[in-house]
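Shown next, in structure tokens, is the structure this report addresses.
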């Protein structure tokens, strides 16, 4: 469009020049008879007729809208179902005096091996489920948890898993620096404890189940 506009301007500039000075090659005598007022009027007429057309032909730029970025939605992580649910509590009785004890799950994890303080490596038959808990004594006397009368784990299909061997419990207590089975807890105390189960790798929806509820 700008190229065509230039041609049109050149064309009308030539017309204006001819109107003022006469055709190229004419004698000076012939040019002298043209009145100055007529030449000026002709130039003015050409400008009024054609200059608006040339100006109108120039395109007007249209502003382009800038797209707005859409924020990406973040997904909420799904809790693992092959671990113990955080916050679950289990009520059971101490094995020596029957004192009411309560365990609350802080977290849990899975591992295939545990090493005790003597360097012995204990390997799981399936996978070790390690439960990290707060153990609370709500009674008036001291008591402790045991391997066989405190609690166990049940999975989604109803399989029950008892606490692992005493040596494995001791290895976990060494690794995590917590009390566990057969460690005395005084009345009114809440202490960090650890308990280990040997479960199937495919077990999920795991829950603690009391063996001596109160």
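Details
Here is a yes/no grid of residues against (1) loosely packed, with under 13 Cβ neighbours inside 10 Å; (2) over 13 Å from residue 195 (Cβ atoms); (3) at pLDDT below 95; (4) over 30 Å from the mean Cα position of the chain (by Cα):
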| position | (1), (2), (3), (4) |
| --- | --- |
| 69 | yes, yes, yes, no |
| 89 | no, yes, no, yes |
| 107 | yes, no, no, no |
| 119 | yes, yes, no, yes |
| 123 | yes, yes, no, yes |
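- Residue identified as modelled with pLDDT under 95 and outside any helix (DSSP H, G or I) among 65, 145: 65
- Output for the range 137-150, where each listed residue is surrounded by fewer than 22 Cβ atoms within 10 Å (Cβ to Cβ) and touching a residue at least 60 places away in the same chain (Cβ under 8 Å): 148, 149
- All of 112, 142 fail the test of being within 17 Å of residue 97 (Cβ to Cβ) and in contact with a strand residue (DSSP E or B) (Cβ under 9 Å, 6 or more places away or on another chain), apart from 142.
- Residues in the range 165-203 that are in contact with a helix residue (DSSP H, G or I) (Cβ under 6 Å, 6 or more places away or on another chain) and either in a loop (DSSP other than H, G, I, E, B) or without any contact (Cβ under 8 Å) to a residue 60 or more places away in the chain (or both): 2 in all.
- Restricting attention to the range 90-136, the residues that are without any contact (Cβ under 8 Å) to a residue 40 or more places away in the chain and not in a strand (DSSP E or B) total 2.
The values are calculated or read from the model by the stated rules, or taken from the named source; none is laboratory data. Computed from a predicted structure; not experimentally measured. Note that we place each Cβ from the backbone using ideal geometry, even for glycine, and neighbour counts take in every protein chain shown.
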